[in-house]
Amino acid sequence: MSSLKALAKLVKELDDQIVVCMRCGLCQSVCPLFAETGREADVARGKLALLDGLSQELFVNPQGVQDRLNRCLLCGSCAANCPSGVKVLDIFIKARAILAGYMGLSPWKKAVFRRVLSKPGFFNQVLGWGARFQGIFIKPVDDLLGSSCSRFLSPLLRGRHVKPLAPVPLHRQVPSLNTAPGAAGLKVAFFVGCLIDKVFPQVGEAVLKILDHHGVGVYLPPDQGCCGIPALSSGDTETFDRLVRHNLELFVSEPFDQLITACATCASTIKKMWPLMAQDYPEADQTRIADLSGRVMDISQFLVDRVGLEAEGREGAADRVTITYHDPCHLKKSLGVAAQPRALIRANTHYDLKEMAEADWCCGCGGSFNLQNYEISRAIGQRKRENIKKSQCAVVATGCPACMLQLTDMLSQAGDRVQVKHTIEIYAASL
């Protein structure tokens, strides 16, 4: 009965939000999915029209509603450009929760989310085993990008060029850290995130190097869990709640000025999604989440706005390397952070920043969207790859590890000799 009441409450909340949409269709011009398919059902306006009758349609064709709703990158392009201010991502997330609550999760999602992802210690063990034995299934394919492909015909990899799991994740290199503020007079908590920990630990190392260089104290608690966005995107609020509460207990026990992360998706999730989905939490937890989310900053934003960068002169212009920048959707469209990552790049005088066309056009990853709709994801990614090549860069930088995976896949498959770096790596190399 309580679950039915919760569903009814969510449906009512959706009804109140959906009426704001004027059906103007402006979302069509910015939706990367619509640009590929041309289908009204794939754009925000079409999905909102579908959800307008969700309480009736839910009982008639729930699978059809779910299938159409899952064909979304959750990039936020529609919300960022909506003249009516419709909170499209909030609506879609809540709608997915309603559908998952009514229909239940598929067996494989229930196994992955509730038996593995929701238990950070076990999740680390599973991925540790994966790193040890992954060579049986994948083989190196590009030395510059560090990508691999499947050794066999695989329905999961489907021709992807993937980044292998790191031999030693960041949580084993630096299990925990708690240092006092130095010259900067500031102390941060560092939320690492799954991909940086297990695939791109060098990004985490760069973050710690920079913070130490600038005299910023660091609180890095052990046993960090996922931010919860993979589960929430699939409507699994149970796993999401477990992860939020787990991480909340880790970070509220130590005083610090800002909670920083080098993952745009984690930053957006903690800042926007945690408060959104905590409305039924006890008041004390809501207060703690509001306080924590209010102190979240992307690492580039923190360094530029609160610490200040070190930049040298522009001597030796002739031998500078051309670099371009891809705006992660969750960083620019959700958090409004665009100038700061570019400032990090310009601080390294070894590089010459050249803007690509459509720098803020979605790369096509979309997390689980890439797993379920790879052909469309790849088509969107090819548009990004073409813009990267036209810039004639040797390096493409970005601020999201998920985007790094997608860019690596696209460039590696095309045989392009272009490196993929996190902006924080570029700045760290200049110190």
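The values are calculated or read from the model by the stated rules, or taken from the named source; none is laboratory data. Everything numeric in this text was worked out from a predicted model, so none of it was measured. Glycine also receives a Cβ, built like all others from the backbone with ideal geometry; neighbour counts cover every protein chain displayed.
Candidates G101, G85, G135: the one that is farther than 30 Å from C24 by Cα and surrounded by fewer than 17 Cβ atoms within 10 Å (Cβ to Cβ) is G135. Residues that are farther than 27 Å from Q224 by Cα, assigned to a strand (DSSP E or B) and in contact (Cβ under 8 Å) with a residue 40 or more places away in the chain occur at least once in region 124-142. Is it true that some residue in region 361-374 is under 16 Å from Y325 (Cβ atoms) and surrounded by fewer than 18 Cβ atoms within 10 Å (Cβ to Cβ)? No, there is no match, as no residue in region 361-374 is under 16 Å from Y325 (Cβ atoms) and surrounded by fewer than 18 Cβ atoms within 10 Å (Cβ to Cβ). Within region 193-210, residues that are more than 21 Å from Q134 (Cβ to Cβ) sit with their Cβ atoms under 6 Å from residues that are not in a helix (DSSP H, G or I), at 6+ positions apart or across chains, in these pairs: V207/A262.
Taken together, Q419, Q406 contain a single residue that is surrounded by fewer than 23 Cβ atoms within 10 Å (Cβ to Cβ) and under 19 Å from L165 (Cα atoms), which is Q419. Output the qualifying pairs, or none if there are none: Cβ atoms under 6 angstrom, residues six or more apart or on different chains, first residue in region 264-282 and not assigned by TED's automatic domain parsing to the domain that holds L331, second residue of a type in the set (D, E) and modelled with pLDDT of 95 or more. Matching pairs, first to second residue: A267/D298. Counting only strands (runs of 3 or more DSSP E) wholly contained in region 273-385, the ones carrying 2 or more residues that are modelled with pLDDT of 95 or more, under 13 Å from T398 (Cβ atoms) and more than 19 Å from the chain's Cα centre (by Cα) occupy 321-326.
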